[in-house]
1. Any chance region 385-397 includes a residue that's modelled with pLDDT under 85, loosely packed, with under 14 Cβ neighbours inside 10 Å and more than 24 Å from residue 518 (Cβ to Cβ)?
2. State all residues of region 271-303 that are closer than 21 Å to residue 323 by Cβ and touching a Lys or Arg at 6+ places or on another chain (Cβ under 7 Å); if no residue qualifies, say none.
3. So, in region 455-493, how many residues would count as being within 39 Å of the chain's Cα centre (by Cα), at pLDDT 80 or above and over 16 Å from residue 509 (Cα atoms)?
4. Could you list, in sequence order, all residues of region 160-215 that are among the basic types (Lys, Arg) and in a strand (DSSP E or B)?
5. Using the structure shown, decide if residue 151 is under 28 Å from the mean Cα position of the chain (by Cα), outside the structural domain of residue 396 (by TED's automatic domain parsing) and within 27 Å of residue 230 (Cβ to Cβ).
6. For residue 500, all conditions in the list (1) of a type in the set (A, V, I, L, M); (2) within 31 Å of the chain's Cα centre (by Cα); (3) over 27 Å from residue 275 (Cα atoms) hold save one; what is the number of the exception?
7. Scan region 270-296 for residues that are in a helix (DSSP H, G or I), surrounded by 15 or more Cβ atoms within 10 Å (Cβ to Cβ) and in contact with a helix residue (DSSP H, G or I) (Cβ under 6 Å, 6 or more places away or on another chain) and jot them down.
Amino acid sequence: ALLVHAAAGGVGTAAVQLAHHLGAEVYGTASESKWDAVRELGVPAERIASSRTLEFAQTFAPGVDVVLNSLAGEFVDASLGLLRPGGRFIEMGKTDVRDPAGLPSVRYQNFDLTLLGPARTGEILAEIAALFARGALRLPPISTWDVRRAPDAFRYVAQARHIGKVVLTAPPALDPEGTVLVTGGTGALGALAARRLVTEHGVRHLVLASRRGPDADGAAALEAELTGLGATVTIAACDAADRDALAALLASIPAEHPLTGVVSTAGVLDDGMISSLTPERVEAVMRPKVTAAANLHELTADLDLAQFILYSGAAGILGSPGQGNYAAANTFLDALAQHRRARGLAATSLAWGLWSPQSGSGMTGHLDEADLSRLSRSGMGALGLEEGLGLFDRALSVDEAALVPIHLDLATLRAGAAKGFGHPLFRGLVRISTRRVLAAETPLGDSLTDRLAALPEAERAPMLLDLVRGHVAAVLGFAGPESVEPGRAFKDLGFDSLTAVELRNRLKAVAGLRLPVSLIFDYPNAAALAGHLLEELAPPAHSAEQQVLAELDRIEARLAVMAAECATAGEITARLEQLVFSWKERHQGAEAAVDDVAGQLSSATADEIISFIDSEFGLS
């Protein structure tokens, strides 16, 4: 009887099969999740037990003749107790080696392959090869890990999550004698990828496919340029979404230069709100991305490709208002890359961020300076040409199914996150420091409601209008609030769904109100929106005395903050003293005048009082 620890492991599966073939009673330990793998070896399931329990005595009674051990600690003690007198304990794991002299009743062997001579090793290997040839033994399951992920593979094995063998593989390289197919190859991004493949990755045979092929703008110049760089270039008119046409193109690739890589760059935009997307508009965006990628996957699935690059977009990862069809198409590409990786096929999906207009990308040609400025303020800038190409190079060397090459301004993201703005997926990339604020730094009554209450009613609406116009200008990238006409519709100013949400978030933060996402649609211009805020806030007005005291509170708080920073405060002190002197002078003068009038009235006759009223109020 043989007990094999880790019976579903690489050595364990071979030992279980061999012992079972020789007619021995085979027992094994394995986690419950691995029982199916051991069952496939032909070993009855009831002979498998979990090594997480020490109830070996009942599980493997009445004892075993041989223990093939890879455990340690208390499991070794329990296994030694299972051996019949004279039994053999073969130590394979060697993490808890015992002294054979202390085990007189068993034969303890700390096994090492170097103990066998070359002749005996040859005999064993020859016999094992014959057993495999006769079908008596089968190879254990094999899991492959790219060598660039070796730490993950070793962690996986250390956690005993594997079944059978774990093998590290070298990443395939683009064969200079092979052919790379670039779909959308005459477009701006396709041309950039083709040049980079030639200049940086040694590709010498290219097939550039697009719907217009040689008739595409700039196709002849691109072919001449790549040929001058030493590449053999074929520009073909082929719609990759047409399966038959694509199959014919792939069949035309010569056998002496077989297909070794695919780069799919094609894409079309047709933006619109979800309610405006018709089946035709969805199809227009899906066809060049989804249908073409699915065709490429299916028609090359049997080929040993070194690279299968899909140009996705960040819209599928981050979401993009007005691009529901485009986001869905990109998400499919990301999922397809994961699917291919799960099947052991090469695949990388690149969810590109925005490329700068200088790249020539048709995806950015409609953006003006205000659009680019707004994106920059969100922390997501446009990729420069060299930056984007550098990320392309990096992607070809990284073992990941999905990557997001995007230009991020971490300082801007950090500032936005501190104010509650920015995309939630980016908040984990920045660290926000919490700053302790002294009580004196936070002026009393500094909320928007208190600021309004301190103003005369006639000044409240203009103040809110200036506030709204300032935030509108900031969101849209205008020079200042004066660029925002109070009565001009937000949609005419250039608002879209994304900027509408940003404005709503800004006003929500400053006003402390629950504002709907549809805010700018409900109140379509700055004047209407300011009026709505006034209705929602509308605090009772402070008296003139309260307004002055509120201003003094703010001045006092500001002075408290500045006190530690001002090296010389003589001018400020002089101004404060002058204000106090002027106030007292006015106040004392008013009190004296009131006292004089009161004294005169107390001693005046009725005729004198009537005469006084007539002269003061102009009634005479």
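1. To start, the set of residues in region 385-397 that are modelled with pLDDT under 85 comprises none.
Checked region 385-397: no residue is modelled with pLDDT under 85, loosely packed, with under 14 Cβ neighbours inside 10 Å and more than 24 Å from residue 518 (Cβ to Cβ).
2. Listed by number, the list holds a single entry, 272.
3. Summing the residues that are within 39 Å of the chain's Cα centre (by Cα), at pLDDT 80 or above and over 16 Å from residue 509 (Cα atoms) in region 455-493 gives 15.
4. Step one: of region 160-215, the residues among the basic types (Lys, Arg) are 161, 165, 195-196, 204, 211-212.
Residue satisfying the conditions is 165 alone.
5. Numbers: under 28 Å from the mean Cα position of the chain (by Cα): yes; outside the structural domain of residue 396 (by TED's automatic domain parsing): yes; within 27 Å of residue 230 (Cβ to Cβ): no.
Judged against the criteria, residue 151 is not a match.
6. (3)
7. 282, 285, 286, 289, 290, 293, 295
For (1) hydroxyl-bearing (Ser, Thr, Tyr); (2) in the same structural domain as residue 388 (by TED's automatic domain parsing); (3) over 31 Å from the mean Cα position of the chain (by Cα); (4) at pLDDT below 95, each residue gets a yes or a no:
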| site | (1), (2), (3), (4) |
| --- | --- |
| 156 | yes, no, no, yes |
| 164 | no, no, yes, yes |
| 174 | no, no, no, yes |
| 184 | no, yes, no, yes |
| 190 | no, yes, no, yes |
| 196 | no, yes, no, yes |
| 213 | no, yes, yes, yes |
| 217 | no, yes, yes, yes |
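The values are calculated or read from the model by the stated rules, or taken from the named source; none is laboratory data. Note that this is a predicted model, so its numbers are computed, not measured. Reconstructed Cβ throughout: ideal geometry from the backbone, glycine too, with neighbour counts over all protein chains shown.
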